[in-house]
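Student: There's a structure below that I have some questions on.
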Amino acid sequence: MTIHTLNTGLDTIWVVLTAAMIILMEGGFALLEAGFVRHKNNVNILMKVFADITIGTLCFYLIGFGLMYGKDLSGLIGSNGFMIKGDLSHLHFLISVDTFWLFQAAFVIAVISIVSGAVAERINFRAYILYAVIMTTFIYPVAGHWVWGEGWLGKLGMQDFAGSAVIHALGGFSALAAAIFIGPRKGKFTPQGVSTVSLPSNLPLASVGAFLLWFGWFGFNAGSTLSATDARIGHIAIVTMLSAASGGAATMLYTLFRYKRSDAPSVINGSLAGLVGITAGCAFVSDPFAILIGAVSGLLMLFATYWLEIKRIDDPVGAFPVHAVSGIWGTIAVGLFATDKGLITTGNWHLLSVQFLGLLVLCIWGFVLTWMGLTLIQLWIPVRSTEEEEEVGLDISYHGMVAAFQEQEFIKYESNYLHHKDDD
């Protein structure tokens with residue numbers, strides 16, 4: 001066995017394991033969102049996550065991967081690699097293309113799950129499946145190609161190591177467009193414009209979901225090295241931990257001193273905001289700057305949450321504040337604090353200007369394409385559930401099942417057909 005063969009084997013194991021960690025984050029999304037919404041919509045949350053994994057994976061395999069990582073065509077899209085076929089020799093990795101595809105498939109699943117939370121409790125399940133097809137087939141892969149697939153933003157020098165912009169800002173603005181398009185949940189805002197309180201159904205469940213996401217984020221960031229022998233892995237893991245801790249601590253202390261109580265949902269989302277914020281720069285910034293990035297991410301998340309309430313935009317799990325706002329800040333932070341090209345660290349303006357340009361393009365792309373996609377779906381089927389379906393709950397309306405049933409006996413079967421026949 002040669003050194004090259006051994007190194008390739010280690011890299012393959014590393015990438016497969018970290019891809020599995022990212023896929024496990026779907027369990028985190030499921031628990032977090034189910035804990036934040038009402039009991040009558042818990043099953044619907046789980047089914048949307050399964051739609052993300054199943055439909056999203058297949059769409060990315062058939063078309064999305066080729067558009068994202070196929071041979072570059074004018075800096076805009078990939079032109080081959082559909083179903084992982086064709087000449088992909090332009091992908092210069094020690095790992096196999098199959099291994100690389102698995103890691104990238106885990107990313108695409110995470111993108112669509114961001115949108116899931118923003119439209120919770122009122123989207124038509126069939127419409128959601130169609131939107132998942134559009135996102136994983138076209139919206140995300142094309143944007144990803146621009147930055148990571150030898151596209152035009154990558155050639156300009158945009159730096160987004162693990163996806164603060166490509167995944168989180170894009171997904172967050174897609175979530176914002178979807179939330180505005182569908183409208184708020186029935187009863188969320190009074191006729192006077194006052195927001196009513198919607199208490200989470202299960203905060204312990206939501207917190208376990210957040211811990212699963214936190215765990216998976218080490219795969220998200222450190223796994224993006226695509227190499228088990230990359231010397232940056234330890235540093236990436238440390239700054240990921242520091243930023244998440246800083247985001248949670250900032251929101252904990254802010255709510256404690258301002259409201260005289262520490263708000264649990266805010267702390268949960270503050271930690272996640274810290275994770276989103278460090279994702280772009282985890283390989284480029286120092287430990288102290290990671291703490292600063294996390295703290296600012298948490299506070300920006302709080303202010304963005306208040307802004308949504310003022311604008312009467314209903315985002316049940318805080319998808320836009322956590323992912324879009326923190327993703328924007330994290331991407332800008334690379335331009336400010338990157339060790340080799342940051343404005344604060346080196347006085348160089350170029351990277352920061354490219355980061356701003358990339359953010360502007362990606363956020364507009366996510367928002368506009370999502371709006372257009374939902375408009376097309378609306379021509380075929382309703383995007384929003386009916387008032388009756390929303391009142392009864394999407395669990396019963398779309399899945400014929402409740403999340404928890406305490407009765408220990410089998411449900412008795414009754415045939416009403418026989419009764420009607422006797423009446424005749």
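The values are calculated or read from the model by the stated rules, or taken from the named source; none is laboratory data. Bear in mind the structure is a predicted one, so any value in this text is a computation, not a measurement. Virtual Cβ from ideal backbone geometry, glycine too; neighbours counted across all protein chains shown. These area figures cover heavy atoms from the full protein model, side chains too; ligands, DNA and RNA do not enter into them. Shrake-Rupley method; radii C 1.70, N 1.55, O 1.52, S 1.80 Å.
Student: Give me the extension gain from Leu199 to Ile364: residue separation times 0.36 nm, minus the current Cα-Cα distance, reported in nm with one decimal. Could the numbers behind the result be given before it?
Tutor: Values: separation 165, 0.36 × 165 = 59.40 nm, distance 3.20 nm.
Full extension of this stretch gives 56.2 nm more.
Student: What accessible area per residue comes out for the chain, rounded to a whole number of Å², with a 1.4 Å probe?
Tutor: On the way: 18550 Å² over 424 residues.
Ligands and nucleic acids excluded, the figure is 44 Å² per residue.
Student: For the chain, modelled as a GNM with alpha-carbon contacts under 10 angstrom, which of His323, His39, His399 fluctuates the most?
Tutor: Highest fluctuation of the listed residues: His399.
Student: Another question about this same structure. Given the Cα-Cα distance of Gln192 and Arg261 and 0.36 nm per residue of separation, how much length would full extension add, in nm?
Tutor: 22.1 nm
Student: Where nothing but the Cβ of Lys and Arg (+1) and of Asp and Glu (-1) is charged, how large is the charge dipole of the chain around its Cα centre, in debye to the nearest 20? Could you put the intermediate results ahead of the total?
Tutor: Working: 21 positive and 29 negative charges, 214 e Å.
The dipole of the chain has a size of about 1020 debye.
Student: Report ³J(HN,Hα) in whole Hz for each residue of region 70-86, in order, from the Karplus equation J = 6.51 cos²θ - 1.76 cosθ + 1.60 where θ = phi - 60°; Gly and Pro get x.
Tutor: Those phi angles translate into x, 4, 4, 10, 6, x, 10, 9, x, 10, 8, x, 5, 6, 6, 10, x Hz.
Student: Calculate one ³J(HN,Hα) per residue across region 12-21 by plugging θ = phi - 60° into the Karplus curve 6.51 cos²θ - 1.76 cosθ + 1.60, and present them in order as whole Hz with x for glycine and proline.
Tutor: The phi angles translate into 5, 4, 4, 5, 5, 5, 5, 4, 5, 4 Hz.
Student: Do the sum for the chain: with -39,500 (n - 2.57) for every DSSP H run of n ≥ 4, divided by all residues, what is the mean residue ellipticity at 222 nm, to the nearest 500 deg cm²/dmol? Let's see the in-between values first.
Tutor: On the way: 17 runs with 262 residues, N = 424.
One gets -20500 deg cm²/dmol as the mean residue ellipticity at 222 nm.
Student: Decide, for region 242-400, between rounded, prolate and oblate: order the square roots of the alpha carbon gyration tensor eigenvalues as a ≥ b ≥ c, take rounded if a/c falls under 1.5, and otherwise choose prolate if a/b is larger than b/c, else oblate.
Tutor: Details: a/c = 2.88, a/b = 1.47, b/c = 1.96.
Oblate shape, in that a/c is at least 1.5 and b/c is the bigger or equal ratio.
Student: Let me ask something additional. Taking square-rooted eigenvalues a ≥ b ≥ c of the alpha carbon gyration tensor, is region 1-112 rounded, prolate or oblate, where a/c under 1.5 means rounded and, failing that, a/b exceeding b/c means prolate? Could the numbers behind the result be given before it?
Tutor: Working: a/c = 3.45, a/b = 1.60, b/c = 2.15.
Cα axes put region 1-112 in the oblate bin.
Student: Could you tell me how far the Cα centroid of region 1-71 sits from the Cα centroid of region 272-290, in Å?
Tutor: Centre-to-centre distance over Cα atoms comes out at 22 Å.
Student: Ok, one more. Probe radius 1.4 Å, ligands and nucleic acids ignored: give me the carbon and sulfur share of the accessible area of the chain as a rounded percent. Don't skip to the end; give the middle numbers.
Tutor: Numbers: 12840 of 18550 Å².
Reported share for carbon and sulfur atoms: 69 percent.
Student: Figure the gain on full extension for Leu376 and Val16 (residue separation times 0.36 nm, minus the Cα-Cα span) and round it to one decimal in nm.
Tutor: On the way: separation 360, 0.36 × 360 = 129.60 nm, distance 3.67 nm.
Extra length from Leu376 to Val16 when fully extended: 125.9 nm.
Student: Give the calculated FRET efficiency between Val392 and Phe93 to the nearest 0.05, with a Förster radius of 51 Å applied to their Cβ-Cβ distance. Could the numbers behind the result be given before it?
Tutor: Working: r = 50 Å, r/R0 = 0.98.
Result of the calculation: an efficiency of 0.55.
Student: Kindly provide the pair-distance distribution of region 71-157 built from C-alpha pairs, with 5 Å bins from 0 and whole-percent values in order of increasing distance.
Tutor: Answer for region 71-157: a P(r) of 3, 12, 19, 23, 18, 11, 8, 5, 1, 0 percent.
Student: Which pairs in the list Lys71/Lys311; Lys71/Lys341; Lys48/Lys311; Lys311/Lys341; Lys85/Lys155 are over 32 Å apart, alpha-carbon to alpha-carbon? Show your work: numbers first, answer last.
Tutor: Numbers: Lys71/Lys311 43 Å; Lys71/Lys341 28 Å; Lys48/Lys311 27 Å; Lys311/Lys341 37 Å; Lys85/Lys155 25 Å.
The answer is Lys71/Lys311; Lys311/Lys341.
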